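S.K.: Let me begin by handing over the structure; questions about it come next.
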Amino acid sequence: ALVFLGAGISTMGPKSALISAATGLSLLVLGLSAILSWPFSTDGKLVSDHMRLWSKLVLSIMGVKCEAEGLDRLKQDQHYVFACNHESLTDTALVYSMLPKRHLICVGKKELSYVPIFGWLMFLGGHIIIDRSNHDKAMKTMGKAEKRLRDFP
């Protein structure tokens, strides 16, 4: 279980504007670095490494302190599924930053793939993109995702 410790971030005021600017700038720098590194690791592992670094940086900028319990029970040779409930905008960053170094594949809505840099990283990282506006297509993608999880190296 991931345990979230830390104060929430106000969505108004100069501090949140500074946090947003720092988060955006760090995504720009690390995102472009990840995109440029992709030809050297087309399996998406370097993209995961960059996203892990970005997640730790963003959580630090936001002043979020967290700890994870039960990581000692994760076996390096097994695959796991972690689900975020999105109670916070930091859920995905927490998963990336707290889990031991592994290649992570996320499931995201199609609309996220249109966000510059972020969407490109989703594609290059091998993340699964769901078109929720088309039920049949979404179910087909989920079937492919299930197969991919079973075959994941």
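The values are calculated or read from the model by the stated rules, or taken from the named source; none is laboratory data. None of the values given here were measured: they were computed from a predicted structure. Every residue, glycine among them, receives a Cβ derived from its backbone with ideal geometry; neighbour counts consider all protein chains shown. Protein only, heavy atoms only, side chains kept; ligands, DNA and RNA dropped before computing areas. Shrake-Rupley method; radii C 1.70, N 1.55, O 1.52, S 1.80 Å.
S.K.: Once phi is turned into ³J(HN,Hα) by the Karplus curve 6.51 cos²θ - 1.76 cosθ + 1.60 with θ = phi - 60°, what whole-Hz value does each residue of segment 97-109 show in order, with x for glycine and proline?
M.R.: So the Karplus estimates, Gly and Pro as x, are 7, 8, 6, x, 4, 8, 7, 9, 10, 9, 10, x, 6 Hz.
S.K.: Could you bin all the Cα-Cα distances of segment 12-70 into 10 Å bins starting at 0 and give me the percent of pairs in each, rounded to whole numbers?
M.R.: Here the calculated profile for segment 12-70 is 22, 41, 27, 10, 0.
S.K.: Follow-up question, since we're still on this one. Would you mind checking the tilt of helix 135-151 against the longest principal axis of the Cα atoms of the chain, expressed as 0 to 90 degrees and rounded to 10?
M.R.: Tilt relative to the chain: about 90 degrees.
S.K.: Right, something else. Mind checking the dipole of the chain: about its Cα centre, +1 per Lys or Arg Cβ, -1 per Asp or Glu Cβ, Debye to the nearest 20?
M.R.: That gives the chain a dipole magnitude of about 220 debye.
S.K.: In whole percent, how big is the carbon plus sulfur part of the accessible area of the chain, probe 1.4 Å, protein atoms only?
M.R.: That fraction is 63 percent.
S.K.: Send over a whole-number figure in Å² for the accessible area per residue of the chain, probe 1.4 Å.
M.R.: Averaged over the residues of the chain, the accessible area is 66 Å².
S.K.: Give me the distance in nm between label points sitting 7 Å out from Cα along the Cα-to-Cβ direction at residue 78 and residue 29, one decimal.
M.R.: In this crude spin-label approximation the distance works out to 3.9 nm.
S.K.: Continuing with the same structure: Round to a whole angstrom and tell me the spacing of the C-alpha centers of segment 123-147 and segment 40-64.
M.R.: About 23 Å separates the Cα centre of segment 123-147 from the one of segment 40-64.
S.K.: State the label only: which of (i) 1.03; (ii) 1.33; (iii) 1.08 corresponds to Cα Rg over 2.2 N^0.38 Å computed from the shown model?
M.R.: (iii)
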